[in-house]
Structures are given as structure tokens and as C-alpha cells.
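Have a look at the structure below before the remarks.
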Amino acid sequence: AETDSEYDDGGLALILTDLQALLAQTTWPSAFVDLRPLNGIDYLHLAGYTNRPSGYHEQLHEVLTFLAQRARGSYGLLYWRDDEDDRPPGRNNFHVIVLARGTLTERFDPFLSPRIPIIEAA
């Protein structure tokens, strides 16, 4: 959504065109990227898996930053796990990037983490 109000300012078509151009510049060989309208609302679906550092994170953050700045009424969650990320709470846990009202925040996820629960660990 262009704004967080009930009414857009008429610039959503340009925002979507610019978003499509940005998505076309990304190199995500192991990702699923889909931008489509559903019931009158535009949705961006992103999913992927990479098993080595590839610049994927930086490009993904560029797309999310674009949405935060240009489509301030957009919202969503992105679950992220990097098995080489030693930041707390550690490698076995998910982080969530939250997009809401033009702001991106990163939080620890208590629902899917840890990826391998203690009771199943050998």
C-alpha cells in the first residue's frame, strides 16, 4: 500500500513499476519472488534458501528498505535464519524482519526457534 491511510495518493502504479524494476535487478538463483494482485491488493511473496554467503541478504534488505520508504502502508514479516550468524540467540534460531508503517525492525522469533528443539537433539 502506498500510504497507511485508507486512501492512496495515486502513486501506487509508479511504486509497483519501480519495485518490478528493482526485483528484475536482483540475482536470486535459489529464491521464489512473486508480485501479484489478489482481490484488489498487491502482494509480494519472497522465499528462498541458500547454503552459502551470496549477497542474498543485502539484496533482500534493499527490497524491504524500498518498501518501507516508498510504500509506507505496506506490512509483512520475513523469517530469517543464518546458520553462520553468531548474534544472540545463536545459529539455531530464527529472526523476524518486521515491516510496518514505513519501519523495518528485526526481532528474535520465539515460535519457530530453536530450529532443532532441545528434546529432539541427540
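The values are calculated or read from the model by the stated rules, or taken from the named source; none is laboratory data. Keep in mind that this is a model prediction, so the values were computed, not measured. With ideal geometry, Cβ positions are generated from the backbone for all residues, glycine too; neighbour counts draw on all protein chains shown. Only protein heavy atoms, including side chains, enter the accessible area calculation; ligands, DNA and RNA are left aside. Shrake-Rupley method; radii C 1.70, N 1.55, O 1.52, S 1.80 Å.
The condition of being in contact (Cβ under 8 Å) with a residue 24 or more places away in the chain and closer than 25 Å to Thr17 by Cα holds for only one of Arg115, Arg101, that being Arg101. Out of Arg52, Arg81, one residue alone is surrounded by fewer than 13 Cβ atoms within 10 Å (Cβ to Cβ) and at negative phi. It is Arg52.
Ile41 meets each of the listed conditions (1) out of contact with any strand residue (DSSP E or B) (no Cβ under 9 Å at 6 or more places or on another chain); (2) farther than 17 Å from Leu16 by Cα; (3) loosely packed, with under 13 Cβ neighbours inside 10 Å apart from (2). Evaluation of Tyr75 against the conditions (1) modelled with pLDDT under 90; (2) surrounded by 10 or more Cβ atoms within 10 Å (Cβ to Cβ); (3) more than 26 Å from Ile116 (Cβ to Cβ); (4) not aliphatic (A, V, I, L, M) shows that the sole unmet condition is (1).
Scanning the range 25-36 for any residue that is at pLDDT below 85, within 28 Å of Gly10 (Cβ to Cβ) and not hydrophobic (A, V, I, L, M, F, W, C) turns up at least one such residue. Select from the range 1-23 the residues that are part of a helix (DSSP H, G or I) and modelled with pLDDT under 90 and write down the one among them that is most open to solvent (accessible area, probe 1.4 Å). Ranking the qualifying residues of the range 1-23, first place goes to Ala13. For the range 69-99, which positions are within 16 Å of Leu44 (Cα to Cα) and either touching a Lys or Arg at 6+ places or on another chain (Cβ under 9 Å) or part of a loop (DSSP other than H, G, I, E, B) (or both)? Ala71, Arg72, Gly73, Ser74, Tyr75, Ile97, Val98, listed by residue number.
Among the residues of the range 44-92, count how many are touching a residue at least 60 places away in the same chain (Cβ under 8 Å), in contact with a helix residue (DSSP H, G or I) (Cβ under 8 Å, 6 or more places away or on another chain) and farther than 15 Å from Leu22 by Cα. Going through the range 44-92 one residue at a time, the tally reaches 1. Arg36 meets each of the listed conditions (1) surrounded by 10 or more Cβ atoms within 10 Å (Cβ to Cβ); (2) in a strand (DSSP E or B); (3) of a type outside the set (Asp, Glu); (4) out of contact with any Lys or Arg (no Cβ under 8 Å at 6 or more places or on another chain) apart from (1).
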